[in-house]
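Report on one structure; see the data block that follows.
Every read-out reported here was derived from the displayed coordinates using simple, explicitly stated rules and does not represent laboratory data. Everything numeric in this text was worked out from a predicted model, so none of it was measured. Positions of Cβ are generated from backbone atoms using ideal geometry, with glycine treated the same way; all protein chains shown enter the neighbour counts.
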Amino acid sequence: MNAKEKWTVPRVRDMKGRQRIACLTAYDYPTARLLDEAGIPLILVGDSLGMTQLGYETTLPVTMDDMLRHAGAVVRGARRALVVADMPFLSYQTSVEQAIRNAGRLLQEAGVDAVKLEGGVICAATVRALVECGIPVMGHVGLLPQRVRATGGYRLQGRTEEAAAQIEQDARALDEAGCFAIVLECVPSSLAARITRAVSAPTIGIGAGPHCDGQVLVVHDLLGLSERIPSFACTYANLRDVMYDAFSKYRRDVEDGNFPTFLPEP
Ligand code: KIV
């Protein structure tokens, strides 16, 4: 397989058991371009953009219009990566028809390759209907941020055997419904390993330990730009300090008359 070829859904699926999959979120054109150049095969336009881009407390206020705008920018920046967009809260829960229309908009208007939605057994019929329409779906089980009001917070899921069994059942239902990949968020590493063995789709972990087929991080956590960085994330660069220093230096230079030094002449 030529490394410069576009990452497709079958190609990502085939990575299970061969090569671990590196996935990062992106919400804008320049970040998508850089991820693509760095060879990241899978880019997620997460509804985490509610927090990282729009300053909301949760993902709940994110709309289809928000997703379409940001997903379109990411698609324009990603030449080879497979781009997946989150379906925002209430864009797929009220009916299968509504889910198909909204997922279709993300493919038609933003140009993404696939959509992601949250939930297991409860949305397996919706996943099946989308897949039958030719819309590739990434599943998401474990911690479901769109249900934070019902679950009461962002914490490790599947801590009892009963809760773990439910999450495994959710993942199996999504696998059978045709998901090409499944995100496991904030579940014990032993459960992630069990699910990874049980399903045919690659599992993509976040706060789920090392035994998944791939990993995803919120790009702002990786770059040290998030206000609160989860304990499972790894900060690969501290862009907050780099940006803060640049902004402060610029302000001082303007105030002291040291910028600009370039003298425009006719
Ligand atoms: O919205 C998002 O960024 C996500 C990832 C955390 C998996 O769903």
For a quick check of your reading of the filter: which trypsin sites (Lys or Arg not before Pro) in segment 177-266 sit in a DSSP loop and have no more than 10 other Cβ atoms within 10 Å? R228
Tell me, what are the semi-axes, in whole angstrom and largest first, of the equivalent ellipsoid of segment 178-254 as set by the roots of 5 times the Cα gyration tensor eigenvalues? 37, 11, 7
Segment 1-56 - percent relative contact order, Cα under 8 Å, separation 6 or more: 33
Are there trypsin sites (Lys or Arg not before Pro) in segment 1-95 that DSSP marks as loop and that have at most 10 other Cβ atoms within 10 Å, and which are they? K4, R18
Sparse-neighbourhood loop sites, trypsin sites (Lys or Arg not before Pro) in segment 102-189 - DSSP loop, at most 12 other Cβ within 10 angstrom: R155, R159
Fewest to most neighbouring Cβ within 10 Å: what's the order for M243, M51, M15? M243, M15, M51
Which semi-axis lengths, in whole Å and largest first, follow from the square roots of five times the eigenvalues of the Cα gyration tensor of segment 1-75? 26, 13, 11
Where chymotrypsin sites (Phe, Trp or Tyr not before Pro) in DSSP loops with at most 12 other Cβ within 10 Å are excluded, longest remaining stretch of the chain: 1-235
Descending semi-axes in whole angstrom, ellipsoid equivalent of segment 131-230, from the Cα gyration tensor: 21, 17, 14
What is the order of C123, C133, fewest Cβ neighbours within 10 Å to most? C133, C123
What list of ³J(HN,Hα) couplings, whole Hz, do you get for segment 121-133 from phi and the Karplus terms 6.51, -1.76, 1.60, once you set θ to phi - 60° and write x for glycine and proline? 3, 4, 10, 5, 5, 5, 4, 4, 5, 5, 4, 5, 7
In whole µm²/s, the translational diffusion coefficient that Stokes-Einstein assigns to the chain, given a Kirkwood hydrodynamic radius over C-alpha pairs, 37 °C and 0.692 mPa s, equals 170
Cut-off is 10 Å between beta-carbons; in what order do T63, T196 appear when sorted fewest neighbours first? T63, T196
